[in-house]
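Take a look at this one; I'll ask things after.
The values are calculated or read from the model by the stated rules, or taken from the named source; none is laboratory data. Note that this is a predicted model, so its numbers are computed, not measured. Neighbour counts are summed over all protein chains in view; Cβ atoms, including those assigned to glycine, are modelled from backbone coordinates with ideal geometry. Just so you know, the surface numbers come from the protein's heavy atoms only, side chains and all, with ligands and any DNA or RNA stripped out. Shrake-Rupley method; radii C 1.70, N 1.55, O 1.52, S 1.80 Å.
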Amino acid sequence: MRIDLHSHSRVSDGTSSPTEVVRRAAALDIDVLALTDHDTPAGWSEAADAAEAVGVCLVRGMEISTKHQGRGVHLLAYLLDPTYPPLAAELGQIMAGRDSRLAAILSNLAAEGVYVSQDEVRRQAGEHQVIGRPHVADAMVARKIVGSRQEAFGTWLDPDRPGFVVRYAPATTDMIGLVNAAGGAAVIAHPWGRSSRRILQRDSLLSLRSAGLTGIEVDHQDHSAEDRSELRGLARDVGLVATGSSDYHGDGKVDHELGCNLTTPEELRRLLDSAAANAVASGRPVPALVGEVPWGDAS
Ligand code: AMP
Ligand code: ZN
Ligand code: FE
Ligand code: FE
């Protein structure tokens, strides 16, 4: 069975529609797919319709921006009720923070003699509600200021570059609590990706586990083979579920094709059990899976 629990559509900063992401998953023989756009459930209903049509089991999720010890930590949240008021309020704040940051990024760039307007960025984002650095990068590519998203990040938008601006993000521990109270399960995305390797060591994982964390994403393109084996050992040690996923962004991120990393059926079962327990404890109306996990052919 092929299980991929981390993907993005045009609703955030992917380049394909939710329908196209689901269809591509089906074409690549993925049995279980989670759509996890940044900070929003806006793609869920379209993805659910597509999943039903093509027979992919869909897990509704999102990737929420949080902060732990001053560093950005992305939290994958699965099967949660996005209307739970305290959670919805935080997601609203994160969105508002993205908007105010955009103006600050553009003025930093202008100070360096690089001129991109909010309109140009919003045009790149199209109907997307989640404006992010990737859309600023796309606007710079459209203007031929840089050749690719990667170059835009490396030269202008990464944390140590002139265009970078911090934006609002709730504390990781607080967000884990909100996800659980909304009936879902929380998994840290790429824990040893770009900026968080130094902080997310055993002690942090233990304290996040105590805060209610369900798992960590072990198999991810940002992790080397050594990272993966170390993280797998840590997950086992600390009692966290270990997932593996693509973090697909369509053409927006190279080398992240759907299914390039997978989650095992055993780990998926543990994740779903955790979400089910949180759903019962919370009493929230959580989204069901679309379709069923084909446990029978767990090969
Ligand atoms: P934002 O949410 O606006 O902070 O942007 C985060 C998004 O930018 C994520 O989807 C990342 O995958 C993407 N991103 C971050 N750093 C880079 C990079 N160096 N190259 C390409 N994409 C990046
Ligand atoms: Zn993204
Ligand atoms: Fe991420
Ligand atoms: Fe992601």
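Relative contact order for region 183-254 using alpha-carbon pairs under 8 Å, separation at least 6, rounded to a whole percent?
34
Rounded to a whole number, what % of the accessible area of region 1-130 do carbon and sulfur atoms account for, probe 1.4 Å?
That share works out to 47 percent.
Another question, then. Give me the percent of DSSP beta bridges within the chain that run antiparallel, rounded to the nearest 5.
Looking only at bridges with both residues in the chain, the antiparallel portion is about 40 percent.
Between region 16-32 and region 251-282, what is the C-alpha centre distance in whole Å?
One Cα centre to the other: 15 Å.
Using only Cα atoms, what Kirkwood radius does the chain have, in angstroms?
Result for the chain, one decimal place: 19.3 Å.
Quick one: order Asp222, Asp160 from most to least accessible surface, probe 1.4 Å.
In descending accessible area the options line up as Asp160, Asp222.
Another question about this same structure. Protein chains only, probe 1.4 Å: how do Ile105, Ile145, Ile199 rank by accessible area, largest first?
Putting Ile105, Ile145, Ile199 in descending order of accessible area: Ile145, Ile199, Ile105.
For Tyr168, Tyr248, Tyr84, Tyr115, give the ranking by accessible area with the largest first, probe 1.4 Å.
Highest to lowest solvent-accessible surface, that is Tyr115, Tyr168, Tyr84, Tyr248.
Please work out how much accessible surface Arg202 shows to a 1.4 Å probe, ignoring ligands, DNA and RNA, in Å² rounded to 10.
100
Report the accessible area of Asp31, computed with a 1.4 Å probe over the heavy atoms of all protein chains in place, in Å² rounded to the nearest 10.
40
So, one more: State the dimensionless ratio Rg/Rh of region 37-137 (Rg: radius of gyration of Cα atoms; Rh: Kirkwood radius).
Using only Cα positions, Rg/Rh for region 37-137 is 1.04.
Not counting ligands, DNA or RNA, and with a 1.4 Å probe, what is Met1's accessible surface area in Å² rounded to the nearest 10?
For Met1, the solvent-accessible surface is approximately 20 Å².
For region 1-64, count the residues as N, evaluate 2.2 N^0.38 Å, and divide the Cα radius of gyration by that value, please.
Relative to the 2.2 N^0.38 Å estimate, region 1-64 comes out at 0.95.
What distance in nm separates the simple spin-label points at Gln150 and Asp29, each placed 7 Å from Cα in the Cβ direction?
Taking the simple label geometry, Gln150 and Asp29 are separated by 2.8 nm.
Spelling out what I want: for every residue of region 101-106, take phi, set θ = phi - 60°, compute 6.51 cos²θ - 1.76 cosθ + 1.60 (Karplus), and round to whole Hz; glycine and proline get x.
So the J values, rounded to whole Hz, are 5, 4, 4, 5, 4, 5.
Pop out the Kirkwood hydrodynamic radius of region 43-95 from its pairwise C-alpha distances, inverse of mean 1/r, in Å to one decimal.
Hydrodynamic radius (Kirkwood, Cα only) of region 43-95 equals 12.8 Å.
List the trypsin sites (Lys or Arg not before Pro) in region 87-183 that DSSP assigns to loop (not H, G, I, E or B) and whose Cβ has at most 16 other Cβ atoms within 10 Å. Which are they?
Passing both the DSSP loop test and the Cβ count: Arg143, Lys144.
So what is the calculated 222 nm ellipticity per residue for the chain, using -39500 (n - 2.57) for each DSSP H run with n of 4 or more, over all residues, to the nearest 500 deg cm²/dmol?
Calculated from helices alone, the mean residue ellipticity at 222 nm is -12500 deg cm²/dmol.
Here's another thing I want to ask about it. At q = 0.11, 0.13, 0.19 Å⁻¹, what base-10 log of I(q)/I(0) does the Debye formula yield for region 228-299 when every alpha carbon is treated as an equal point scatterer in vacuo?
Cα-only, vacuum Debye calculation for region 228-299: -0.40, -0.55, -1.03.
Excluding ligands, DNA and RNA, what is the solvent-accessible area per residue of the chain at a probe of 1.4 Å, expressed in Å²?
Using a 1.4 Å probe on heavy atoms only, each residue of the chain averages 41 Å².
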